[in-house]
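Here's a structure for you.
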Amino acid sequence: MTTDFPAAPPAQASANRFAASGPEHCIAQRDDGIFADPAVLGTTLVAAIDNVYRAGNYFTGVDYPVFIKALFGHGPDFPRGSDGAPVVRFAAGLRAFDPDRRALYRAVRMGRGYAEYFVEPVWLPDPENPEGEGFQTRLDVDEFIADMWIKGIRFGLDLPAIRAALASNKAERITIARRLDPVAGEDARIVEVSDDLHRDDAPRQLANGRLDLHSFKNRFPQIQPGVRLLKKLPATQGSTGFEMSGAALPPKPGRDADLASYAGAGTAVETMKGGEFIVSRQAGFLLVDPKTSQISIDAKVVSHDGVSARTTGNLSLQGDYEEFGEVQEKRIIEADSITVHGDVYGSLQSRGGAIVVHANLVGGTARNARGDIHVRGMASNALVQAVDGAVVMEHAENCIIAGTRVRVGHAVNCEIVADEATVGIAEGCAVAGRRVTIEATCPRRQSEMLVAVLRADDRRLEDAIAAVVQRIAQFGALVTRLRADMETMTGKSDVRRYLMVAARVRRGEVVLSPEQGRQFQKMADDVGPALKAVADVSAKIKGLEAEQQNGARVLAELEAQRHDAASISSVAIASVQGDTQVRILVWAPAGGKPHHWTPRDIRTRLRGVQGGELLFLGGAGSVGWRSDAAPAASPVPASSPAA
């Protein structure tokens, strides 16, 4: 027995080697079939098969799929043996090709990518009667494969069609083989791998299970750092085609895609297990450029669609927001910094940052908890309130404006309250502030021109400070007395001894035996009432200390208010051009800062009955008054100023 690759298991019987010359060394004949060396396939095996066929032999029982796989690498994988190695058995045996039978096979008609064969009944010559018709026989599939090989058809035989035609013994022309066209490779693709890439415009579900029909579930997706957003599926090389001669037809490979071109700010391309991905590098909002499809993560949302019930619903965002469209009425934007380039008819609510309206604020609201508000267009019938920031406006009509500092170019029929209020032209307004500066004032139709200088009520403030100081002192005295009581209770010998042992046991310094454990438990039972009393006193002390801390915070706030109240108040009106009234408006610090008042309180306090000291009443002239100096006013002679 001779073979050209590792010997088969004993069950495979013996193997006979083919002719010693030529490349047939990669083929072995065994009792259970014809095998090819799995390590030597392709062109080497093609040459070996060609030598076998041209030597006048043919293979019997050809397993055509294995045969084609071994020759050209096309088709299903080879079966594997018990050791896991591929087994390439492509035929059952080998026979000599009788020349008389070879003569039975006709020529092939070649087309473009296909081959046809005319099948008809065939006769072999009768050796006993050479001149006779002979006897009828049938063509053999294995012989057919060998004959087609010699005729140049080595790939793509349609064996089911060939077998059926040979079995029918009818005269007919059939297509026996076809060219296998190559399959072009698929282009590289970019696919989504995160569910957070898409907006969800379904109604937002509230904590109580009800639906908020005015807000969308996820209009602007927010992304956390390290999230895989897009994945690149590499281009494929395609599958090779074959001519019927066995010549390979290379496929057109798929085009590559540049994943980096999709990565915008806040993202990066990373190669990791599973492929190449675009990954978020920071937390923020997902933005997709509609022109380039580039993905970016930004702390600010930029929208061009406007805010309405149809496009976005109400918005509540953890970050900054910039809108280039309009904000329709009854729509709410809640975010950090808010910038709107279109007109605002709804409500802007900033948790901290800046509110900037580049167009008009009409019938809407702008509130900022910690930051400034800028309205660069006209504001009309609007509420503008900066709890801890400045308000800057160009033109305002029929508005309520409040902030630590307010600057308005032209105000008509507005109520303005601030620590520092600066107005260019005020018509029919009520302006209140600790420091008020106005270029020109005049009434407006039925609206009076009122100016109020804010002054804190010192008496109430001092009374409140005294009460808080007294209360803190009472808490301190009570804490001192309770501490003395607790020291007395813990000073008893049995309690002190138990506490010392318990502390050492908790720290692991002492390990008690079972008997010691029982004694320790009895000691705990004996001092239990005393320990409960100590715990009650300790809880009371903690509560009183918390009250002391709260009192200290309140005292600090009151002292800050007293410091503010002691600061200088002033009013300056450069030109009084109509009936104008200037008074002192006293306010109670305990009720909060004036620019924190509600809109109703602002209108009531500024437009209601005024009982404060009258500083000026006149229709022309100028006003200049400071709390640390004598009043100075220059009304027209017909007016009745008051100092």
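At 7 Å along Cα-to-Cβ for each site, give me the label-to-label distance between GLN549 and ARG106 in nm.
Each label point lies 7 Å from its Cα, and together they span 10.6 nm.
Alpha carbon centre of region 75-90 versus region 465-479: separation in Å?
94 Å
Could you give log10 I(q)/I(0) at q = 0.09 Å⁻¹ for region 27-183, computed by the Debye formula over C-alpha point scatterers of equal weight, without solvent?
-0.33
Count neighbours as other Cβ atoms within 10 Å of each site's Cβ, and list the trypsin sites (Lys or Arg not before Pro) in region 71-144 that are DSSP loop with at most 15 such neighbours.
Of the trypsin sites (Lys or Arg not before Pro), the ones in loops of region 71-144 whose Cβ has at most 15 other Cβ atoms within 10 Å are ARG106, ARG112, ARG138.
If you split all Cα-Cα distances of region 482-528 into 5 Å bins from zero, what percentages do you get per bin, shortest first?
Spelled out per bin, shortest first, that is 5, 20, 26, 24, 14, 7, 4, 1.
Would you list SER513, SER570, SER493 from the most to the least accessible area, probe 1.4 Å?
Descending order: SER493, SER513, SER570.
For the chain, what proportion of DSSP beta bridges, expressed in % and rounded to the nearest 5, is antiparallel?
If we restrict to bridges inside the chain, about 45 percent are antiparallel.
Can you pull the semi-axes for region 27-104, root of five times each eigenvalue of the Cα gyration tensor, sorted largest first, whole Å?
With the √(5λ) rule applied to region 27-104, the semi-axes are 24, 13, 11 Å.
Let me ask something else about it. Within region 433-510, list the trypsin sites (Lys or Arg not before Pro) lying in a DSSP loop whose Cβ has at most 13 other Cβ atoms in a 10 Å radius.
ARG445, LYS492, ARG507
Also: When the accessible area of region 230-287 is computed with all protein chains present and a 1.4 Å probe, what percentage of it is carbon and sulfur?
Answer for region 230-287: carbon and sulfur cover 53 percent of the accessible area.
Still on this structure, please answer the following. For region 483-632, what is the Kirkwood estimate of the hydrodynamic radius, computed as the reciprocal of the mean inverse distance between distinct Cα atoms, to one decimal in Å?
One over the average 1/r among Cα pairs gives 22.4 Å for region 483-632.
What does the charge count near GLU427 come to, summing +1 for each Lys or Arg and -1 for each Asp or Glu among other residues with Cβ under 14 Å from its Cβ?
Summing Lys and Arg as +1 and Asp and Glu as -1 gives -3.
Assuming R0 = 60 Å, can you tell me the calculated FRET efficiency for the pair SER261 and ASP388, based on Cβ-Cβ distance, to the nearest 0.05?
That pair, SER261 with ASP388, gives E of 0.85.
Among (i) 155, 91, 41; (ii) 88, 64, 44; (iii) 107, 62, 47, which one is Cα extents along the principal axes in Å computed from these coordinates?
Matching entry in (i) 155, 91, 41; (ii) 88, 64, 44; (iii) 107, 62, 47: (i).
If you don't mind, there's one more thing I want to ask. Could you state the per residue volume, in Å³, of the convex hull enclosing the Cα atoms of region 494-582?
Dividing the Cα hull volume of region 494-582 by its residue count gives 190 Å³.
What accessible area per residue comes out for region 266-354, rounded to a whole number of Å², with a 1.4 Å probe?
Heavy-atom SASA per residue in region 266-354 reads 46 Å².
In whole Å, what are the extents of region 401-515 along the principal axes defined by its C-alpha atoms, from largest to smallest?
For region 401-515, the Cα extents along the three principal axes come out at 96, 33, 21 Å.
Only helical DSSP H runs with n ≥ 4 go in: add -39500 (n - 2.57) per run for the chain, normalise by residue count and round the 222 nm mean residue ellipticity to 500 deg cm²/dmol.
Rounded to the nearest 500, the figure is -8000 deg cm²/dmol.
Semi-axes of region 99-196's equivalent ellipsoid from the Cα gyration tensor, sqrt of 5 times each eigenvalue, largest first, rounded to whole Å?
45, 13, 11
Here's something else I'd like to know. Over the Cα atoms, compute the radius of gyration (one decimal) and Dmax (the largest Cα-Cα distance, rounded to a whole number) for region 422-477, in Å.
Radius of gyration, then largest Cα-Cα span, for region 422-477: 19.9, 63 Å.
How large are Rg and Dmax for region 322-463 when only the alpha carbon atoms are used, in Å?
15.2, 53
Two-decimal Rg/Rh of region 381-456 from alpha-carbon positions, Kirkwood Rh?
Rg/Rh for region 381-456 comes to 0.93.
Of ILE602, GLN470, ALA260, which is farthest on the positive side of the dipole of the chain, counting Cα position, with +1 on Lys and Arg Cβ, -1 on Asp and Glu Cβ, and the Cα centre as origin?
Most positive-ward Cα: GLN470.
I would also like to ask the following. Find the eigenvalues of the gyration tensor of the Cα atoms of region 257-389, then list the square roots of 5 times those eigenvalues as equivalent ellipsoid semi-axes, largest first, in whole angstrom.
Over the Cα atoms of region 257-389, the ellipsoid semi-axes are 34, 15, 11 Å.
Also, quick follow-up: Relative contact order, percent, of the chain when contacts are C-alpha pairs under 8 Å separated by at least 6 residues?
6 percent
In the neighborhood of ALA359, defined by Cβ-to-Cβ distances under 9 Å, what is the net charge if each Lys or Arg adds +1 and each Asp or Glu adds -1?
With Lys, Arg at +1 and Asp, Glu at -1, the net is -1.
Here's something else I'd like to know. Summing Lys, Arg as +1 and Asp, Glu as -1, what charge do residues with Cβ under 14 Å from the Cβ of ARG189 carry, ARG189 excluded?
Neighbour charge sum, excluding ARG189 itself: -3.
Please identify the longest segment of the chain free of exposed GluC sites (Glu not before Pro), where exposed means a DSSP state other than H, G, I, E or B and no more than 10 other Cβ atoms within 10 Å.
Result, exposed sites excluded: 134-508.
Seen from all sides and averaged, what is the projected area of the convex hull of the Cα atoms in region 549-629, in nm²?
6.7 nm²
The values are calculated or read from the model by the stated rules, or taken from the named source; none is laboratory data. Please read these numbers as outputs of a predicted model, since none were measured by experiment. Virtual Cβ from ideal backbone geometry, glycine too; neighbours counted across all protein chains shown. What goes into the accessible areas is simple: the full protein's heavy atoms, side chains included, and nothing from ligands, DNA or RNA. Shrake-Rupley method; radii C 1.70, N 1.55, O 1.52, S 1.80 Å.
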